[in-house]
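Readers should treat all values here as calculations from the given coordinates under stated rules, not as data from a laboratory. Everything numeric here is computed off the predicted structure, so don't read it as measured data. Cβ placement follows ideal geometry from the backbone for every residue including glycine, while neighbour counts extend to all protein chains displayed.
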Amino acid sequence: MLRGMSTFNVVAVAFGLAFLYLPILILVVYSFNHSQLVTVWGGWSLRWYRELLHDEAMLSSVWISLRVAALSATVATVLGTLAAAALTRFGRFRGRLLFSGMIYAPLVMPEVITGLALLLLFVALDADRGFWTVTIAHTTLTMCFVTIVVQSRLIGFDRSLEEAAWDLGCAPWKAFLVVTLPLIAPAVAAGWLLAFALSLDDLVIASFTSGPGATTLPLRIYSQVRLGVKPEINAICTILIAVVALATVALSLAAKRSALRGDPAAQG
Amino acid sequence: MSSRPTQSWSQRAVLAAPYLWLVVFFLIPFAIVFKLSLSQTAVAQPPYVPLLDLGAGFAGLVDFLRGLGVETYVLLFSDTLYLHAYFKSLIVALVSTAILLLIGFPMAYGMARAPRRLQPLLVMLVVLPFWTSFLIRVYAWINILQRDGLLNSALLQLRIIDTPVAWLASDTAIFIGVVYSYLPFMVLPLYARLEQLDRSLLEAAADLGTPPWKTFWLVTVPLALPGVAAGVLLSFIPIVGEFVIPDLLGGSDSQMIGQVLWVEFFANKDWPVAAAIATVLLALLVIPILLYERAQRRALEQR
């Protein structure tokens, strides 16, 4: 029976993957197109990458986005790891329902609502919109993703190691830092990377919470895309795709290696 | 599962930081949205009245409460523009979730049936586009769908069509963009569920002479339902409020509610109406969001 299904299975998976990758592939190929016209193939060229190097506005947006993403991902990873520890280790505490609700809701909340809500908070606080408000907004969104990633690792984690540390007189917080944290490090790293990628990607929330002087990369790309397709945009998109792809592959290889090393220890 | 029922000071300290952060930056903002939706538009900065003046004490509070009203909601439900937008958003989300399920289920099923050593690679291939910028992936479709784009040139060359078709700026383009962007959200929970499926159940059904399609319908599908629920909610809820996809790929004749909110806020500077739109949208989504939250909590905590 399984053999009978397998042609269908192969076709379904191949079709799905082709659907996912073909548009990205076309974008990448056309970023090397010499022609100014997006649809006319004018031969291979690095022309648009060179032009990108002279686009000051675009480069400054890249720099702003990288700083926002790095800072918000770092804060989000600390907060998210604490939240995951609380959700998996504290049992039933007062306000747990509200807490887990606040962790899961932002994951699916339409971005226009989250963006509007945060903006109104900043206006109510009379805070100048810019670098810091975007960073806070991204931290709020991404810490929930970090929590989910770290939480799923903490649940599959052998607690007898922690308890052994407690029995040997180690304070719970110290046991967490010395025993647990190194073992869940791949998940924490994955959480950080996910937070970083999400922040780098966000357009809607940044539109609401950013201000003059803090035009992030997606805001810049969006304002240009609205005017039509430009080969230069293909080039910057290709660079972003390459960076994300490399980071993902590197991370999954690292996770695999640490899983190979870590498993016998976790089981023993 | 707790071995230490009492809440120690160190536990409270660990909990305090993320808890306070979410209360301040997630919960309170929604209270402000709700309050603002009851205010009136004003030509000022910020563009609404009344403002709660804490310095004025009790009299200030009375003034504040007196200024609140439901005018924005009356407007929302009397102007067909808004009702149309809500309706269109729900339809788009419903139809695209159905298409996502039709494409995503066979794909997840195929992945779960693939050789074990191939599966991590397949999962990574599905996750990778999810990590790639949303905006870039929508933008990639403009390249393909525009009038002199690649789809039209391909179809013209194959002589399937004689004149270029206007793919862009249509509902078709919105559906393509939405399905494309949300496919990983549908496939991954489905795969996670199907991968755990006990194969001996299928073999038992086969041994008892059940035809494969019947086994699929009576055994596989019911067991996959939690994954289906997760995938459906994970796609449906954000699609209803989607802004980027309809803005870049859709036409200007009819808008989704996310776009209307955007226009009210950024172009018309009508913050109270934008807040009322958000409040109603949230009310529409609160049941699916609660369902999702419960499913997630169960899936993670009872494993």
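Pairs of Cα atoms nearer than 8 Å and 6+ residues apart set the relative contact order; for chain B it is 25 percent.
Based only on Cα atoms, what Rg/Rh ratio does region A:24-76 have, Rh being taken as Kirkwood's radius? Reported Rg/Rh (Cα atoms, Kirkwood Rh): 1.17.
For region B:268-276, backbone phi angles converted through the Karplus equation (6.51, -1.76, 1.60; θ = phi - 60°) give residue-by-residue couplings of 7, 6, 9, 5, x, 5, 4, 5, 5 Hz, Gly and Pro being listed as x.
In terms of Cα atoms, the Rg and Dmax of chain B work out to 24.6, 80 Å. Straight-line reach from B:Lys214: which aspartates and glutamates have Cα under 16 Å away, leaving out those fewer than 8 places along the same chain? Within the straight-line limit of under 16 Å, B:Lys214 reaches these aspartates and glutamates: B:Glu203.
If you run the Gaussian network model on chain A, springs between alpha carbon atoms under 10 Å, then out of A:Ala195, A:Ala76, A:Ala12 the most flexible one is A:Ala12. The HN-Hα couplings worked out from phi for region B:111-119 by the Karplus form 6.51 cos²θ - 1.76 cosθ + 1.60 (θ = phi - 60°) are 5, 5, 8, 5, x, 3, 6, 7, 4 Hz, whole numbers, x standing for Gly and Pro. If the segment from B:Leu83 to B:Arg298 were pulled out straight at 0.36 nm per residue, it would be longer than the present Cα-Cα gap by 73.9 nm.
The shape of region B:103-186 can be summarised by an equivalent ellipsoid whose semi-axes, obtained from the alpha carbon gyration tensor, come to 30, 15, 11 Å from longest to shortest. Amide H contacts under 5 Å for B:Tyr48: B:Ala42, restricted to partners 5 or more places along the chain or on a different chain, H placed in the peptide plane at 1.01 Å from N. Inter-label distance, A:Glu56 to B:Thr172: 4.5 nm, where each label sits 7 Å from its Cα along the C-beta direction.
Dividing the helix sum by the residues of chain B, where each DSSP H run of 4 or more adds -39500 (n - 2.57), gives a mean residue ellipticity at 222 nm of -22500 deg cm²/dmol. Placing unit charges on the Cβ atoms only, positive for Lys and Arg and negative for Asp and Glu, gives chain A a dipole magnitude near 440 debye about its Cα centre. Give the residues of region A:177-194 whose amide nitrogen is closer than 18 Å to a point set 7 Å from the Cα of A:Asp167 in the direction of its Cβ. Counting backbone N atoms under 18 Å from the label point, the list is A:179-180.
For B:Ile161, B:Ile289, B:Ile277, A:Ile155, the sequence from fewest to most other C-beta atoms within 10 Å is B:Ile161, A:Ile155, B:Ile289, B:Ile277. Here chain B is treated with +1 on each Lys and Arg Cβ and -1 on each Asp and Glu Cβ, and its dipole about the Cα centre works out to around 1100 debye. Projecting the Cα atoms of B:Leu183, B:Pro120, B:Val165 onto the charge dipole of chain B, computed from C-beta unit charges around the Cα centre, puts B:Pro120 farthest toward the positive end.
Taking one equal scatterer on every alpha-carbon of region B:212-267, how large is log10 of I(q)/I(0) by Debye at q = 0.14 1/Å? Calculated log10 I(q)/I(0) at the listed q: -0.56. The share of Cα pairs per 5 Å bin across region A:125-268, counted from zero up to the longest distance, runs 2, 8, 14, 14, 14, 13, 10, 9, 7, 5, 3, 1, 0, 0 percent. Please give the Cα centre distance for region B:133-167 versus region B:186-228, rounded to the nearest Å. Computed from Cα coordinates, the inter-centre distance equals 38 Å. Which lysines, if any, have their Cα less than 20 Å from the Cα of B:Lys35, not counting same-chain residues under 8 positions apart? Straight-line reach from B:Lys35, under 20 Å: B:Lys269. Ranked by the mean number of other Cβ atoms within 10 Å of their residues, highest first, the peptides A:178-188, B:251-261 come out as B:251-261, A:178-188. Between B:Ile160 and B:Ser254, what is the FRET efficiency for a Förster distance of 35 Å, r being their Cβ-Cβ separation, to the nearest 0.05? The value I calculate is 0.80. Per-residue Karplus couplings for region B:283-289, computed as 6.51 cos²θ - 1.76 cosθ + 1.60 with θ equal to phi - 60°, are listed in order as 5, 5, 9, 5, 5, x, 5 Hz, Gly and Pro entered as x. Over every Cα atom in the protein assembly as shown, the radius of gyration and the widest Cα-Cα span, Dmax, amount to 25.1, 80 Å. Using C-alpha pairs under 8 Å with a sequence gap of at least 6, the mean separation divided by the residue count of chain A gives a relative contact order of 30 percent.
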